[in-house]
Amino acid sequence: MTAEKSGTTGRRSGAETRADGTGAKNPPDDAAGAGPGSGSPDERASGADSSGEDDTAGTVTSAGKAKRTRKARRTGAAKAAGAASTADKTSTADKTSTADKAGAGTDKAEAGTEAGTEAEARDRADAAKKDGDAAEKSDAAKQDGTGDDEPADPWSAFGPAPEPVLGRPRRAVRAVGRFLVHEWTLAVVAALALAAAMTWPTLRYPRHTLPQDYWDPSLQAWQMAWSGHILRTNPAQLWHSNTFYPENWSFAFSDTLLGYAPAGLIGVGPEHAVLRYNIMFVLAHALAAFGAYALARQLGAGRIGGAVAGASFAYAPWLLAQAGHLHIISNGGIPLALAMLARGHGWSLRYGYRPRRRHAGWAFAGWLVAAWQLSLGFGIGLPFAYMLAGVVLVSVVLWFVRRRKVKRPFGRRLFLADVLGGLVFAAVGAALAVPYFKVAELHPNAERTIGDIGLYSPPASGFFTAPAESRVWGGLHEGARAVLPWHPEMTLLPGFVLYALAAGGLFFSVWRVRHRIFLLAGVLVTMALAMGTRFFGGRFTYVPLFDYLPGWSGLRTPGRMMLWTTLLLGLLAAGAVTAFCMRVRELAAERVPPWPGPWLRLATLLPLALVLVEGLNATPQPVVPRQPAALRTVDGPMLVLPSSQNLDQPVMLWSTDRFQPMVNGGSGFTPRSQAQIREATVSFPDYASVDYLRQIGVKNVVVLRDELEGTPWEGMLDRPVDALGVAREQVGEAVVFRL
């Protein structure tokens, strides 16, 4: 205490040297505004020229404390330290430790007890302790590098509380929420809702009606039912169906829709078959729209541009004429597989090749989707397979060219995914091709000729003619359709709006100029192929493919190549719409607030709306003929009369209860055995026809009384059967002859 008092006396007099050895003189007492225990150590250091003020000169008032506190908050501890360093480089505040500063403050507080009250000394001691803590924090901040010259934020105490750790249920709910609002989830939901609306009234009476007609749709409803039934009962007999008895490989007489076999596992009977067909019909449109959207987005189009590409691909007016051909409508696997393959290889039309975005899993999934698309039928699957083969060939050439410059340009994992995926695709194609080659060997009349191709080759006017099923253009183009030899396969209008958008995309687009040229070249080439032999006789386009590519001779309708034309036009249109939307965003950025107004938003959606309007349908929805009761009880092998290509297709549908063997069947060609049976039974029942049917194994003949009028079998029910050993029985509206 003696030393401390003497130090205090020295500071009081101003003549003695300070305890820290600086020898600084004290200012007059009237300049002292605070006691030694108030304020931070940095503040005391910053006032080196006034640090020797009288420690006992009165008590510290509350107003003085508030003033010093506000000053400390404004200047900050770090700024005070810097000022002290400038004023007095030898100051004790910068050289002593935090503990020394706290001790010095305590000593000063003890010295102050001689002149003040004990309570004041305690207050000054508490203040000195706080000063020591603040100095410690300041030093620590300097050591970690977090301290700066900026004042502390007074509002930091009011910051948000840290988020609580979520439990597993809440994390699951958040993950589900993010999934539900993801772009691809919304795209799937939008595609499904749009498909239901654009194909309406398909789902109004889905158990009793079929789109367009009940001939080919009945055949395809039977195909899905048969594949599910045989996979459930005897998969080894898949290709030997219950129709076209006694022929084998009859399931390969037309495209099989084998990829829909899982759906065929659900339900039994004609009503379930019709319901299944209508559901798959709507889902096929949804997949086509989603697949084209995904492809456009992967290539670099915006959301609205991708939507235009998807809508134009799925709802092009020419496809309305194909409403009765589910294997043509089921084309969504093509753009979806291409999108997956492009994603897996890190390639985009807009951004080029980006190796860091490669993903072997997406590439392998793309090959699987391509194999599934091929399993739906070779009608559109075969050109797709040859296109993929061309892409693989180009990729191999690129690999050999770039392997010296870039080590493994495709990556080892991606290379293995391509090899395995390509092998799976090739294996599926080979397995599906075997039955068709077998059919071509057993039935030479099934093979197409150039003459057959010419009958279905459309003229150039077909690209501007809409089918009768188009709600917008159907009535207006009635005269143009009248001059076409076979208008159901020759009305190939993809949409005038699509033509206009694609033309604009040649000049205003997000795609590079060379990419626009490539897309235009693809459009022109596919159009030439779609014309078949009408384009300079097809000598340099369709005929070489017909002559040299295996399986191409089985494609009798070249107009279906319009599928590729529509896809390429949609990509051109997507580039133009995306560029337009980008321009709208640039204009909106100049607004206050910076987002598009209602008219600009409407302008960006206008191309999509116009494409959808052109795709509105007027497709008829005929009621499927009711299944005769006899078809639920009569065993096979059986023959249903009358018999023809169109009449036999509903009979196939009726057989989905029991799948009993039957002579009846409809496909792309008529087997000779079936033609002979029809010819031999025109005089049925007589001795020759009954004997012939017995020889080939037919046990029952079902005659549909209401269908006989106007057919070669009209009047057959008036013929006697007494001497033939045939039992005749009335079963509902049909007459059954048991041989």
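The values are calculated or read from the model by the stated rules, or taken from the named source; none is laboratory data. Computed from a prediction, not measured in an experiment: that's the story for all the values here. Heads up, the Cβs are rebuilt from the backbone with ideal geometry, glycines too, and the neighbour counts pull from every protein chain shown. For accessibility, only protein heavy atoms count, side chains too; no ligands or nucleic acids. Shrake-Rupley method; radii C 1.70, N 1.55, O 1.52, S 1.80 Å.
Summary of values
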{"quantity": "Only Lys, Arg (+1) and Asp, Glu (-1) charged, at Cβ; the stretch 585-656 dipole about Cα centre in debye", "calculated": "220"}
{"quantity": "Residues in the stretch 307-345 that a label on TRP184 would reach, taking backbone N under 20 Å of a point 7 Å out along Cα→Cβ", "calculated": "307-311, 331-345"}
{"quantity": "Within the accessible area of the stretch 301-456 (1.4 Å probe), percent carbon and sulfur", "calculated": "67"}
{"quantity": "Inter-part distance where the stretch 663-679 and the stretch 309-366 are each reduced to a Cα centre, Å", "calculated": "38"}
{"quantity": "Residues with amide H under 5 Å from that of LEU641, placed H, sequence gap 5 or more", "calculated": "VAL702, VAL703, LEU704"}
{"quantity": "Projected label distance in nm at VAL592 and ARG356, using a 7 Å step from Cα toward the beta-carbon", "calculated": "3.8"}
{"quantity": "Sequence-separation-based contact order of the stretch 407-560, relative, with Cα cut under 8 Å and 6+ spacing, percent", "calculated": "27"}
{"quantity": "q = 0.20 Å⁻¹, the stretch 423-560: log10 I(q)/I(0) [Debye, one scatterer per Cα]", "calculated": "-1.14"}
{"quantity": "Exposure rank, largest accessible area first [ASP418, ASP657; 1.4 Å]", "calculated": "ASP657, ASP418"}
{"quantity": "Apportionment of accessible area to carbon and sulfur, the stretch 159-208, percent (1.4 Å)", "calculated": "70"}
{"quantity": "Amide H contacts under 5 Å for SER470, placed H, 5+ residues apart", "calculated": "ALA618"}
{"quantity": "Backbone HN-Hα couplings from phi across the stretch 235-241 [Karplus 6.51/-1.76/1.60, Hz, Gly and Pro as x]", "calculated": "x, 5, 9, 3, 7, 10, 7"}
{"quantity": "Tensor-based shape of the stretch 312-444 (alpha-carbon gyration tensor, a/c under 1.5 rounded, otherwise prolate or oblate)", "calculated": "oblate"}
{"quantity": "Unit Cα scatterers, Debye sum, the stretch 258-392: log10 I(q)/I(0) for q = 0.09, 0.10, 0.19, 0.22 Å⁻¹", "calculated": "-0.29, -0.36, -1.13, -1.35"}
{"quantity": "Extreme residue, positive dipole direction of the stretch 290-376, given options GLY333, TYR315, ILE304 (C-beta unit charges)", "calculated": "ILE304"}
{"quantity": "Qualifying trypsin sites (Lys or Arg not before Pro) in the stretch 167-274, DSSP loop, other Cβ atoms within 10 Å at most 16", "calculated": "ARG204, ARG207"}
{"quantity": "Under the Karplus curve 6.51 cos²θ - 1.76 cosθ + 1.60, θ = phi - 60°, whole-Hz ³J(HN,Hα) for the stretch 168-177, x wherever Gly or Pro sits", "calculated": "4, x, 5, 5, 5, 5, 5, 5, 5, x"}
{"quantity": "Highest to lowest packing among 504-514, 551-561, 363-373, 332-342, scored as the average C-beta count within 10 Å", "calculated": "332-342, 363-373, 551-561, 504-514"}
{"quantity": "Within the stretch 583-674, GluC sites (Glu not before Pro) in DSSP loop having at most 10 other beta-carbon neighbours inside 10 Å", "calculated": "GLU590"}
